[in-house]
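Undergrad: My questions all concern the structure below.
The values are calculated or read from the model by the stated rules, or taken from the named source; none is laboratory data. Fair warning: this is a prediction, and the values are worked out from it, not measured in the lab. For neighbour counting, all protein chains shown are included, and Cβ atoms are generated from backbone atoms with ideal geometry for every residue, glycine included.
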Amino acid sequence: MKYLRPGRLVAALLLLLLISCNDTPSMPAQQERPPTPVSVVVLKTEPVVLERELAGRTRASLSAEVRPQVSGIVRERLFTEGSMVKAGDPLYQLDDATYRAAYNSARAAITRAESALELASLNVARAKGLSKSKVISEQSYQSLLAIRNQAAADLEVARAQFASAAVELDFARIKSPIAGRTGLSTVTRGALVTEDQAAMLTIVQQLDPIFVDVTQSASELLALRRALSNSAIREAESIPIRILLDDGTQYPHAGKLAFSDSAVDPMTGSIAMRVVVPNPELLLMPGMYLRAVVSNAVIQDGLLVPQRAITRNARGEAIAMVVGADNSVEARTVDISSSIGNRWVVRSGLTAGDRVIVEGLQKIAPGAVVDPAIVDLAEL
């Protein structure tokens, strides 16, 4: 029996392996990958209102600190703290015994002065006839005239003193100078108050309407005024101001710009603005932190793109994936400015009619062929 040498054995095995590889049927060619389905929006121009959120705080439209105008002991508090009052409603009653006595004395003084004037007038009337008949001298007649004039002046003084006493008596009943909601009372019954005291008794604030004081950066306002020189942008007029509460919800009543300062605060570099907001439900209270959405200008043919369609590259540039005419993906560098809701305002990089990918971005890359499905921009 003959045995193959080890070298020949290895060669024979290699020959058998090559024959078996040649006999293996060839694999079918790899199939082409189908286009990736994506969702796109078709951009179109529309008037875009440029908005800016400004932080601010509420302030009562009218505020009156109630202080006594005469001195006395508080006899009674006539209002409920935190209640609504009208202008002229009594708030406190002071002990008015002294003022009432002065009032009665001044009224009696008027009666006395009226009697003196009446008597002096009668004397002058009698002396007038006697003077003509030379019964009394002209000097006596002139003296009686002077007495009558003095009595008339005394009556005017008495009336003035009576008016002063009436005012002081009225001041003993402290009234609300305006209509509004009362605050806490700083005094109780039995407290002594004085007419020149610095401490207020309570405060009355008018809350409907209410003011929202906000500030805007002077640099932003300057940029806006420069932008208004562009014929495509016009200044927004009579657009209601939306108010956002501290939790982000929108207040149901819109405000109106009432005042914009003409000077810049040198400490903050901002300009003060005041918004008047209806507050019929008294939901807003003084001192609350709010945000006012102010509409500054309108772009006639603005372009908006959904925020989900914009990504950032390594350099921080805004990138949008656009589907071309052959359904291939193109990466565009986009210049965006402010946001309106969930959309960005486009300055450049995109045009009306572009198909921008909003869903499926993680599955595609520039140059890839996609199967675009158009979605409504309003649904995003």
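Undergrad: Considering only segment 279-313, state which residues are closer than 22 Å to Lys44 by Cα and of a type in the set (Val, Ile, Thr).
TA: Val298, Ile299, Val305, Ile310, Thr311, listed by residue number.
Undergrad: Would segment 161-180 turn up any residue that is of a type outside the set (A, V, I, L, M, F, W, C), at pLDDT 90 or above, in contact with a Gly (Cβ under 8 Å, 6 or more places away or on another chain) and surrounded by 13 or more Cβ atoms within 10 Å (Cβ to Cβ)? Give the steps one after another, and end with the answer.
TA: Filtering segment 161-180 down to residues of a type outside the set (A, V, I, L, M, F, W, C) leaves 161, 164, 168, 170, 173, 175-177, 180.
Remaining after also requiring at pLDDT 90 or above: 161, 164, 168, 170, 173, 175-177, 180.
Now drop any that are not in contact with a Gly (Cβ under 8 Å, 6 or more places away or on another chain), which leaves 175-176.
Adding the requirement that they be surrounded by 13 or more Cβ atoms within 10 Å (Cβ to Cβ) leaves 175-176.
Yes, because at least one residue in segment 161-180 is of a type outside the set (A, V, I, L, M, F, W, C), at pLDDT 90 or above, in contact with a Gly (Cβ under 8 Å, 6 or more places away or on another chain) and surrounded by 13 or more Cβ atoms within 10 Å (Cβ to Cβ).
Undergrad: I need the full set of residues from segment 321-340 which are small (Gly, Ala, Ser) and more than 39 Å from the chain's Cα centre (by Cα), in order please.
TA: As a first pass, look at segment 321-340 and keep what is small (Gly, Ala, Ser): 324-325, 328, 331, 337-339.
Within segment 321-340, Gly324, Ala325, Ser328, Ala331 qualify.
Undergrad: I need a count of the residues in segment 160-219 that are assigned to a strand (DSSP E or B) and either under 23 Å from the mean Cα position of the chain (by Cα) or small (Gly, Ala, Ser) (or both). Reasoning before the result, please.
TA: Filtering segment 160-219 down to residues assigned to a strand (DSSP E or B) leaves 173-175, 180-182, 192-193, 202-217.
Then keep just the ones that are either under 23 Å from the mean Cα position of the chain (by Cα) or small (Gly, Ala, Ser) (or both); that gives 180-182, 203-217.
So the count comes out to 18.
Undergrad: Right, another one. Name the strands (runs of 3 or more DSSP E) wholly inside segment 260-354 in which the number of residues that are under 27 Å from Thr36 (Cα atoms) and in contact with a strand residue (DSSP E or B) (Cβ under 6 Å, 6 or more places away or on another chain) is 1 or more.
TA: Values: elements: 270-277, 289-306, 310-312, 318-323, 329-340, 343-348.
Passing ranges, in order: 289-306, 310-312, 318-323, 329-340, 343-348.
Undergrad: Now for a separate question. Looking at Thr80, is it part of a strand (DSSP E or B) and either outside the structural domain of Glu359 (by TED's automatic domain parsing) or within 27 Å of the chain's Cα centre (by Cα) (or both)?
TA: Values: part of a strand (DSSP E or B): no; either outside the structural domain of Glu359 (by TED's automatic domain parsing) or within 27 Å of the chain's Cα centre (by Cα) (or both): yes.
The answer is no for Thr80.
Undergrad: Identify, from the list Ala373, Ala331, Ala320, the residue that is surrounded by 17 or more Cβ atoms within 10 Å (Cβ to Cβ) and among the hydrophobic types (A, V, I, L, M, F, W, C). Spell out the reasoning first.
TA: Numbers: Ala373 fails: surrounded by 17 or more Cβ atoms within 10 Å (Cβ to Cβ); Ala331 fails: surrounded by 17 or more Cβ atoms within 10 Å (Cβ to Cβ).
Of the residues listed, the single one that is surrounded by 17 or more Cβ atoms within 10 Å (Cβ to Cβ) and among the hydrophobic types (A, V, I, L, M, F, W, C) is Ala320.
Undergrad: Same structure again: What is the one condition in (1) at pLDDT 90 or above; (2) in contact with a strand residue (DSSP E or B) (Cβ under 6 Å, 6 or more places away or on another chain) that Lys363 does not satisfy?
TA: Status for Lys363: all satisfied but (1).
Undergrad: Regarding segment 20-32, can at least one residue be identified that is part of a helix (DSSP H, G or I) and either small (Gly, Ala, Ser) or modelled with pLDDT of 55 or more (or both)?
TA: Narrowing segment 20-32 to residues part of a helix (DSSP H, G or I): 20-23.
From what's left, either small (Gly, Ala, Ser) or modelled with pLDDT of 55 or more (or both): 20.
Yes: segment 20-32 contains one or more residues that are part of a helix (DSSP H, G or I) and either small (Gly, Ala, Ser) or modelled with pLDDT of 55 or more (or both).
Undergrad: Given the residues Ala146, Ala127, Ala191, which is the only one that is modelled with pLDDT under 95 and under 29 Å from Pro90 (Cα atoms)? Write out each step before concluding.
TA: Details: Ala146 fails: under 29 Å from Pro90 (Cα atoms); Ala127 fails: under 29 Å from Pro90 (Cα atoms).
Answer to the selection: Ala191.
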